[in-house]
1. Run down the aspartates and glutamates and flag those whose C-alpha is under 15 Å from the C-alpha of LYS207, throwing out any fewer than 8 positions away in its chain.
2. Which value, in Å², gives the accessible area per residue of segment 1-151 when a 1.4 Å probe is used on the protein heavy atoms?
3. Straight-line reach from LYS118: which aspartates and glutamates fall under 19 Å, measuring Cα to Cα and dropping same-chain residues less than 8 apart?
4. Return the subset of LYS55/LYS136; LYS45/LYS176; LYS19/LYS82; LYS57/LYS85; LYS167/LYS199; LYS41/LYS181 for which the Cα-Cα distance in this structure is over 31 Å, preserving the input order.
5. Can you give the local net charge around ALA68? Use residues other than it whose beta-carbon is closer than 15 angstrom to its beta-carbon, Lys and Arg +1, Asp and Glu -1.
6. Sort segment 1-90 into rounded, prolate or oblate with this rule: let a ≥ b ≥ c be the square roots of the eigenvalues of the Cα gyration tensor; rounded if a/c is under 1.5, and if a/c is not under 1.5, prolate when a/b is larger than b/c, oblate otherwise.
7. Evaluate E = 1/(1 + (r/R0)^6) for LYS187 and THR30, where r is the Cβ-Cβ distance and R0 equals 22 Å; express this FRET efficiency to the nearest 0.05.
8. Each residue of segment 110-124 in order: what ³J(HN,Hα) in whole Hz does its phi give by Karplus 6.51 cos²θ - 1.76 cosθ + 1.60, θ = phi - 60°, with x for Gly and Pro?
Amino acid sequence: MAPIELTYFPVRGRGNAMKLIMYDQGVEWTDKVVTIEEWMKGDLKKTCLFGQLPKLKDGDLVLYQSNAILRHLARKHGLYGKDGKEAALIDMMNDSIEDLRVKYLRMIYQEYETGKEKYIKELPGHLCYFEAILAKCPSGFLVGDKISFADYNLYDFLVVQKILCCKCLDNFPSLKGYVDKIGSRPKVKAFMESDSCTKLPVNGNGKQ
Ligand code: 0HH
């Protein structure tokens, strides 16, 4: 069977969490990078179901929407909890991460100059919920005793927040420990230090 193919822009953006899953889980996949110039021609956009990337091709399944892609990878690779109850809780966590990601992306793409300071000021008020959740999780993962797709997504989000504001986790010992723990998984560490991650800008407009 052909390896999974991920089509995305040359940025970390919404692609990084899925790449983390695929590297850490040893998934065979290929990276199809679309330059902004290529995208602006419009031909590829017209073929995308919702006119956007990322796109994941897995055999004859073609998926759009980053969270649907994360969930698909999670179902295939045992990253969706041990039962329906854990899966529901993992979905809840991931939806909350998406809420924060949307706030972050709005600031980056629409109001970086005017809104960055306010965003950083308000960030602890959002992160404190995850701090409280993780402080109560003996496994060190968001749900249950195994890593889930929401953990990869939260890890990716927190690393990006640290790039924006290096002190943002200083008052959150559980979140700090969580980032260290997931970041020290050998394949996660190797990926995060590789050119595949470090050479890409965090966002498409050069802001971070
Ligand atoms: N809800 C969707 C998801 O989760 C949102 C996808 C999305 O916003 O998958 N896709 C954006 C790229 S992510 C998109 O396709 C942001 C990175 C931007 C990198 C540079 C993009 C340059 C575009 C000229 N955007 C392109 C578009 O909407 O035409």
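The values are calculated or read from the model by the stated rules, or taken from the named source; none is laboratory data. Since the model is a prediction, treat every value here as computed from it, not as a measurement. As a convention, Cβ positions derive from the backbone with ideal geometry for all residues, glycine included, and neighbour counts pool all protein chains shown. Surface accessibility is based on the protein's heavy atoms, side chains included, excluding ligands, DNA and RNA. Shrake-Rupley method; radii C 1.70, N 1.55, O 1.52, S 1.80 Å.
1. GLU111, GLU113, GLU117
2. The answer is 54 Å² per residue.
3. ASP99, ASP170
4. LYS55/LYS136; LYS45/LYS176; LYS41/LYS181
5. Spelling it out: positives minus negatives among the neighbours equals +3.
6. It comes out prolate by the Cα gyration axes.
7. Step by step, r from the Cβ atoms, then E = 0.80.
8. In residue order, the calculated couplings are 10, 8, 4, 5, 8, x, 4, 4, 5, 4, 5, 5, 8, 4, x Hz.
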